[in-house]
Amino acid sequence: MTVLDKLPAPGYIAFAVACVIAFLFTGTLVATIGFALIIGLPLYFMSDLPPYATWPEKFGQYIFLLICTMIFIFLITPVLIIMPLSFNSEPYFSFTQGMMSLDPKAFSTRWYQDIMLFGMNDPNRVDGWWSDMWNNATWIKAAFNSFKFAVLATILATFFGTLAALGLSRPEMPWRSAITSLLISPMIVPLVITATGMFFFYAKKDTFPFFPDGLINHDLGIVLAHATLGVPFVIITVTATLTGFDNSLIRASKSLGANGWTTFRRVIMPLIMPGMISGALFAFITSLDEVVAVIFLADVHQVTIPRQMFSGIREQISPTILAVATVLVLISICLLTTLELLRRRSERLRGLSPG
């Protein structure tokens with residue numbers, strides 16, 4: 001269904017006249033298209049009101065949808081605007097005249113190539129090129145560190161977060177509210193305060209076995225810090241999945257002779273798996289995007305993508321940062337799409353939505 005199907009003839013005429021006036025006033029097609037989207041999207045998503053609806057009611061619904069559209073555009077524009085800027089052939093953080101006129105020569109993938117080439121000893125060499133890239137390319141090493149820390153932190157956060165959620169979901173658990181508030185505090189307390197506390201705690205000597213000098217500048221320290229920040233997301237998602245869980249299934253499993261591990265593996269885990277995966281993805285995104293704790297705990301050999309971006313903005317402004325940001329946005333979109341599919345599957349398993 002198109003906008004034309006949604007609008008009666010007078011509304012379509014008024015919309016077309018408004019677009020023409022916008023084009024005459026601005027003189028640019030881009031501004032006119034933006035005006036048409038802002039005005040037309042609320043019209044497209046307006047639901048059919050009953051025949052007895054008055055004009056103030058129709059106008060009120062349109063204003064509500066218009067405000068929602070403007071808020072959505074305000075939130076999503078900074079994320080989307082970096083994508084075309086990452087294809088700029090010039091080393092600028094702005095749209096050039098050639099890009100505004102859609103000149104093919106104004107667009108380039110040089111900054112995506114720079115992700116692999118920046119920091120290499122000899123980007124033009126043939127023999128040993130892959131070894132040079134993996135060992136010396138700045139962004140490649142940062143990406144390797146980021147995904148290494150994110151995967152390990154996600155495993156720990158998912159394990160401990162799921163255990164905590166299962167314990168907190170039991171009705172006989174004492175002080176459930178206080179314990180829950182304590183466990184999710186890392187996502188409430190300002191991150192700089194949490195990172196400062198981690199720094200002083202991990203810097204203590206002779207506190208951690210096998211690490212007499214503390215966990216500062218060690219991979220384990222960063223993994224534990226990221227896992228601590230990811231545990232609250234796992235607790236929240238798994239607890240939400242356990243809402244309305246039928247405990248009679250556990251009693252039925254035990255009555256049939258299943259032990260605790262078999263009951264968890266065959267009965268509980270299939271039902272909470274969507275929540276576990278959702279929490280794991282949130283923990284993964286949190287670790288991948290985290291920079292404050294890395295600044296406090298890491299050394300020069302443990303640079304992650306966010307820290308490299310932060311350093312690049314301060315020391316060397318390059319559109320390569322925009323190319324990396326575009327890749328991260330695409331990864332986030334894929335992960336969020338997965339989360340939505342898991343949410344729908346969880347609702348079907350719990351009977352909250354039709355199959």
Inset, instruction - Would you list, by chain and number, the aspartates and glutamates whose Cα falls below 20 Å from the Cα of Lys58, excluding same-chain residues fewer than 8 positions away? - result: Asp5, Asp48
Inset, instruction - Please sort by residue number the chymotrypsin sites (Phe, Trp or Tyr not before Pro) in the range 13-61 whose DSSP state is loop and whose Cβ has at most 11 other Cβ atoms within 10 Å. - result: Tyr52
Legend entry - Distance (nanometres) between label positions extended 7 Å along Cα→Cβ at Val17 and Lys204: 7.5
Inset, instruction - Could you tell me which chymotrypsin sites (Phe, Trp or Tyr not before Pro) in the range 134-204 are loop residues by DSSP with no more than 10 other beta carbons within 10 angstrom of their beta carbon? - result: Trp175
Inset, instruction - Quick one: check the C-alpha center-to-center distance for the range 169-194 versus the range 228-247, whole angstrom. - result: 12
Inset, instruction - Could you rank the peptides 332-338, 256-262, 298-304, 229-235 by their average count of other C-beta atoms within 10 Å per residue, with the highest value first? - result: 229-235, 298-304, 332-338, 256-262
Legend entry - Calculated from backbone phi, Karplus (6.51, -1.76, 1.60) coupling profile of the range 220-229 in Hz, x at Gly/Pro: 4, x, 5, 4, 5, 5, 5, 5, 4, 6
Legend entry - Dimensionless Rg over Rh [the range 131-349; C-alpha; Kirkwood]: 1.03
Legend entry - Stretch gain in nm, segment Phe95-Arg348, where the contour uses 0.36 nm per residue and the Cα spacing is subtracted: 86.5 nm
Inset, instruction - Starting from the Kirkwood radius over alpha-carbon pairs of the range 269-355, derive D by Stokes-Einstein at 4 °C in a medium of 1.567 mPa s and give it in µm² s⁻¹. - result: 85
Legend entry - For the range 109-207, average projected area of the Cα convex hull in nm²: 11.2
Inset, instruction - Kindly provide the trypsin sites (Lys or Arg not before Pro) of the range 102-196 that DSSP labels as loop, not H, G, I, E or B, and whose Cβ sees at most 13 other Cβ atoms within 10 Å. - result: Arg125
Legend entry - Per-residue [θ]222 nm for the chain (sum of -39500 (n - 2.57) over DSSP H runs n ≥ 4, rounded to 500): -22000 deg cm²/dmol
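Bear in mind that the values in this text are calculations on the coordinates, not laboratory data. These figures come from a predicted structure and were not determined experimentally. Cβ sites come from the backbone with ideal geometry, for glycine too, and all protein chains shown count toward neighbours.
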